[in-house]
Amino acid sequence: MQTDPRRPAPDYTNATLAMALVNLVWIFGLIWALFGLPVVVLVALALNRGIDALAARRA
């Protein structure tokens with residue numbers, strides 16, 4: 001048998017997380033500019049609860 005000449009795929013986890021943070025910041029900034037800080041806080045709480053629910057379901 002021959003060895004596989006392909007290299008493993010690069011790990012883009014850190015780049016993906018960094019870009020997710022960048023997107024989250026500008027989206028929160030836009031929501032803040034349009035609707036005010038209390039709405040940003042509510043959206044952040046909703047995202048937090050959603051992420052917690054996904055984590056609980058996955059565990």
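Quick one: angle between helix 37-58 and the longest Cα principal axis of the chain, in degrees between 0 and 90, rounded to 10, please.
It is inclined by approximately 40 degrees.
How many nm separate the modelled label positions at residue 11 and residue 58, each set 7 Å beyond the Cα in the direction of the Cβ?
Computed distance between label sites residue 11 and residue 58 equals 1.6 nm.
Once you have the Cα-Cα distance between residue 25 and residue 37, take 0.36 nm times their residue separation minus that, and quote the gain in nm to one decimal.
Details: separation 12, 0.36 × 12 = 4.32 nm, distance 1.30 nm.
So the chain would gain 3.0 nm between residue 25 and residue 37.
For the chain, find the longest principal axis of its Cα atoms and tell me its angle to the long axis of helix 13-35, 0 to 90°, nearest 10.
20 degrees
Using DSSP to define loop residues, name the trypsin sites (Lys or Arg not before Pro) in the chain whose beta-carbon has at most 12 other beta-carbon atoms within 10 Å.
Working: sites: 6, 49, 57, 58; in loops: 6.
Hits after loop and neighbour filter: 6.
Where a number appears in this text, it was derived from the coordinates with a stated rule and is not lab data. Just so we're clear, the structure is a prediction, and the values are computed from it rather than from any experiment. Every residue, glycine among them, receives a Cβ derived from its backbone with ideal geometry; neighbour counts consider all protein chains shown.
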